[in-house]
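Novice: Pasting in a structure now, in structure tokens, and then I'll have a few things to ask.
The values are calculated or read from the model by the stated rules, or taken from the named source; none is laboratory data. Just so it is clear, the structure is predicted and the values come from calculations on it, not from any experiment. With ideal geometry, Cβ positions are generated from the backbone for all residues, glycine too; neighbour counts draw on all protein chains shown. Note: accessible area is taken over every heavy atom of the protein model, side chains too, but ligands, DNA and RNA are not part of it. Shrake-Rupley method; radii C 1.70, N 1.55, O 1.52, S 1.80 Å.
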Amino acid sequence: MHIAVCDDNIADRKQTERLLGRQSDRFFKDFGERIYIDSYGNIDAFMQHPQMYHGLFIDMVSSDLDGCQIAKMLLADGVTNPIVLCSSSIDYRKRIAEEEINEPNIFFLDKPIKVADLTATMDEIKKWMGDPIQTLELRGQHGTIYAKGDDIICVIKKGAELFIHLADGRIQVVMDDIYNFYDQCAIFPQICPVSDTTLININHISKTAFMRVTMDNRNSYPISLTYINSIKQAKEICERLASEKQS
């Protein structure tokens, strides 16, 4: 397990490292696993590779950005692993509520951190590792987005580029072949083709008509004869997987 600590208070950061070191001993005894800890005192270094961490512990109070703002950046970048906001002088529960952030991977700890609270949090991170949220890396010219399945509304091929329309209104442009990209979307059964140049997410369909589909971003696309049954097949697969998960 890889854990990151981002804290601009040196004493607090060292204390969190020590407590996590004890958790590493416990994990090795109970699960045969080690916890590897990377510690950061500045945001730029911390934000280089946040996707590699199974859990991210954050408390920044003296920097330009506080922990809540950093959490928003991580969520925007597609981080789905637990983000643990550690409250010292900032009440992160209040800040997250004020920002109307309602994501399941936001956790809270109060400082000074109690061993029992940290143990419970680490056990939650362990559970999260067993059932990770799948994401797809969308590497564009101006940055990388890690998209969950329903983050993607549709994908349109234009020349050698794919224009990926996202639920938050962004459009990520990537250089890729649409057939290769569809292969990568195998982790998202809700994505299906409607033509040789268009993939759609059936969960974002607002209306279907004869040989045409309209998405909830108001864009409309023709359905070619070759793919006339693809939406129905995608729905059947999603329903079967949902049923299997419930049972």
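Novice: In whole percent, how big is the carbon plus sulfur part of the accessible area of the chain, probe 1.4 Å, protein atoms only? Mind showing how you got there, number by number?
Specialist: Details: 6660 of 13440 Å².
Accessible surface attributable to carbon and sulfur in the chain totals 50 percent.
Novice: Among ILE237, PRO112, GLY21, whose Cα lies farthest out toward the positive end of the dipole of the chain, if unit charges sit on the beta carbon of Lys, Arg (+1) and Asp, Glu (-1)?
Specialist: ILE237
Novice: Quick one, which of (i) 1.08; (ii) 1.18; (iii) 0.95 is the actual Cα Rg over 2.2 N^0.38 Å calculated for this model?
Specialist: (ii)
Novice: Explain nothing, just the number: relative contact order of the chain, from Cα pairs under 8 Å at least 6 residues apart, as a whole percent.
Specialist: 11 percent
Novice: Roughly how many debye, to the nearest 20, is the charge dipole of segment 135-245 about its Cα centre, given +1 on each Lys and Arg Cβ, -1 on each Asp and Glu Cβ, and no other charges?
Specialist: 340 debye
Novice: Over the chain, what is the percentage of antiparallel beta bridges among all DSSP beta bridges, to the nearest 5?
Specialist: The antiparallel proportion sits near 60 percent.
Novice: Something else: Report ARG26's accessible area, 1.4 Å probe, all protein chains in place, as a number in Å² to the nearest 10.
Specialist: About 60 Å², ignoring ligands and nucleic acids.
Novice: Another one. Work out the count of Lys pairs in segment 135-245 where the Cα-Cα distance is under 24 Å, with the pair 8 or more places apart or on different chains.
Specialist: Within segment 135-245, the lysine pair count is 14.
Novice: For GLN134 and ALA11, what is the calculated FRET efficiency with R₀ set at 35 Å and r taken between the beta-carbons, to the nearest 0.05?
Specialist: Here the calculated transfer efficiency is 0.35.
Novice: Between helix 10-31 and the chain, what is the angle of the helix's C-alpha long axis to the longest principal axis, kept within 0 to 90° and rounded to the nearest 10?
Specialist: 70 degrees
Novice: Continuing with the same structure: Which whole-Hz couplings ³J(HN,Hα) result when phi for each residue of segment 141-151 is put into the Karplus expression 6.51 cos²θ - 1.76 cosθ + 1.60, θ = phi - 60°, listed in order with x for Gly and Pro?
Specialist: Computed from phi, the couplings for segment 141-151 are 5, 10, x, 10, 10, 9, 9, 7, x, 8, 6 Hz.
Novice: Separate question: Provide SER24, SER224 ordered by accessible surface of protein heavy atoms (probe 1.4 Å), highest first. If you can, show how the numbers build up before the last one.
Specialist: Values: SER24 10, SER224 40 Å².
Putting SER24, SER224 in descending order of accessible area: SER224, SER24.
Novice: Given charges of +1 on the Cβ of Lys and Arg and -1 on the Cβ of Asp and Glu, with all other atoms neutral, how large is the dipole of segment 2-129 about its Cα centre, in debye to the nearest 20? Walk me through the numbers on the way to the answer.
Specialist: Values: 15 positive and 22 negative charges, 111 e Å.
In total the dipole reaches around 540 debye.
Novice: Note down the relative contact order for segment 2-129 as a percent, whole number, built from C-alpha pairs under 8 angstrom at least six residues apart. Mind dumping the intermediate values first?
Specialist: Values: 173 pairs, mean separation 31.2, N = 128.
Taking the mean separation of contacting Cα pairs over the length of segment 2-129, I get 24 percent.
Novice: Each residue of segment 36-50 in order: what ³J(HN,Hα) in whole Hz does its phi give by Karplus 6.51 cos²θ - 1.76 cosθ + 1.60, θ = phi - 60°, with x for Gly and Pro?
Specialist: Listing the rounded values in order: 9, 10, 10, 10, 10, x, 9, 6, 4, 5, 4, 7, 5, 9, x Hz.
Novice: Helix 115-130 versus the longest principal axis of the chain: what angle, 0 to 90°, nearest 10, using Cα atoms?
Specialist: So the helix axis and the longest Cα principal axis differ by about 20 degrees.
Novice: Per residue of segment 62-72, what does 6.51 cos²θ - 1.76 cosθ + 1.60 with θ = phi - 60° give for ³J(HN,Hα)? Whole Hz please, x for Gly and Pro, Karplus curve as stated.
Specialist: Per residue, the Karplus-derived 3J(HN,Hα) values read 10, 9, 4, 10, 8, x, 5, 5, 5, 4, 4 Hz.
Novice: Compute the accessible area per residue over the chain, keeping the other protein chains in place, probe 1.4 Å, unit Å². Don't jump to the answer; show the numbers that get you there.
Specialist: Details: 13440 Å² over 247 residues.
Averaged over the residues of the chain, the accessible area is 54 Å².
Novice: In square angstrom, rounded to the nearest 10, how much accessible surface does MET47 have for a 1.4 Å probe?
Specialist: About 40 Å², ignoring ligands and nucleic acids.
Novice: Once Lys and Arg get +1 and Asp and Glu get -1 on their Cβ, which of GLY149, ILE202, ASN102 lies farthest toward the positive end of the dipole of segment 91-247?
Specialist: Sorting the options by dipole projection puts first ILE202.
Novice: Quick check: with the 1.4 Å probe, what order do VAL174, VAL115 take by accessible area, largest first?
Specialist: Greatest to least solvent exposure: VAL115, VAL174.
Novice: Now, a different point. Taking the 0 to 90 degree range and rounding to the nearest ten, how far is the long axis of helix 230-246 tilted relative to the main principal axis of the chain, both from C-alpha atoms?
Specialist: Tilt of helix 230-246: around 30 degrees.
Novice: Once every DSSP H run of n ≥ 4 in the chain is given -39500 (n - 2.57) and the sum is divided by its residues, what mean residue ellipticity at 222 nm do you get, rounded to the nearest 500 deg cm²/dmol?
Specialist: Calculated at 222 nm, the ellipticity per residue is -10500 deg cm²/dmol.
Novice: Need one value: the accessible area of HIS2 in square angstrom, 1.4 angstrom probe, rounded to the nearest 10.
Specialist: 70 Å²
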